[in-house]
Amino acid sequence: GEMIAGKTGVNGNYSTHLYTQRAIKIVLDHATETPDDPLFIYLAYQNVHLACGDGKKKENGPVQAPCATIDRFSKVTTDTFKGQSANMLELDWGVGNVTQAYKATGMWDNTVFILVSDNGGPLDHTTNYPLRGGKHTFWEGGVRVVSFVSGPLIPQARRGTVYSGMLHSSDWYKTIVEGIVGGIVPDNTG
């Protein structure tokens, strides 16, 4: 997709577009102002996190996504699944647009890109097939999620490999510091 440009306000704007625009601006500004300094971006899209809600609270309301994106899913039969499908597509576009900004500035060549989910999808508007269960369950569909590490700095021999063991979100700190950056995580025994 094309890089998103346009509105900068909050009211009436889809947050995924705002987050993407801000991340792209950070990348472009960094490439212009301090290209030799490292850049760390933590980009926490929330469009798929509570897309539907439990329906019991007004603020949790129905799935929210741009109508034009929802309309792409005419073969999906329920509105909540259409909305969630649109949210996933918007997330994909956002990640693609930020990645494109890194590539356009030449920063991609010195980037490690990590994407991770926090839990499986809620069963009222997603499917975690072939895994059983979903968000708020301890079945694999609730706790086993997709993540990946990408970018040209990943050694060729590690690209395309799959880790099927168990890990926790707290493992990312040591993975990034020691496994990617080459630093040392201090021992907490003192």
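The values are calculated or read from the model by the stated rules, or taken from the named source; none is laboratory data. Just so it is clear, the structure is predicted and the values come from calculations on it, not from any experiment. Note that we place each Cβ from the backbone using ideal geometry, even for glycine, and neighbour counts take in every protein chain shown. Each accessible area value is taken on the protein alone, full model and side chains, heavy atoms only, with ligands, DNA and RNA left out. Shrake-Rupley method; radii C 1.70, N 1.55, O 1.52, S 1.80 Å.
Shape call for the chain from the C-alpha gyration tensor, a ≥ b ≥ c root eigenvalues: rounded (a/c under 1.5), prolate (a/b greater than b/c) or oblate? Oblate.
Per residue, the convex hull spanned by the alpha carbons of segment 61-109 comes to 83 Å³. Taking R0 as 30 Å, what's the FRET efficiency between Met107 and Phe138 from their Cβ-Cβ distance, rounded to 0.05? Taking R0 as 30 Å, the efficiency between Met107 and Phe138 is 0.15. Secondary-structure-derived ellipticity at 222 nm for the chain, considering helices only, amounts to -9500 deg cm²/dmol, per-run term -39500 (n - 2.57) for DSSP H runs with n ≥ 4. When peptides 94-100, 33-39, 116-122 are ranked by their average number of other Cβ atoms within 10 Å per residue, the highest-first order is 94-100, 116-122, 33-39. Using a probe of 1.4 angstrom and keeping all protein chains present, the accessible surface of the chain works out to 70 square angstrom per residue. Carbon-plus-sulfur accessible fraction, the chain (probe radius 1.4 Å, protein heavy atoms only): 56%.
Paramagnetic label reach from Val181 (point 7 Å along Cα→Cβ; backbone nitrogen cut-off under 16 Å): within segment 107-130, residues 111-114.
D for segment 69-173, whole µm²/s, Stokes-Einstein with Kirkwood Rh over alpha-carbon pairs at 10 °C and 1.306 mPa s: what number? Result for D is 99 µm²/s. If R0 is 30 Å, the Cβ-Cβ spacing of Tyr163 and Asn119 corresponds to a FRET efficiency of close to 0.95. Note that segment 132-190 shows a convex hull volume over its alpha carbon atoms of 123 Å³ per residue.
Placing dummy labels 7 Å off each Cα toward the beta-carbon, the span from Trp172 to Gln46 is 1.6 nm.
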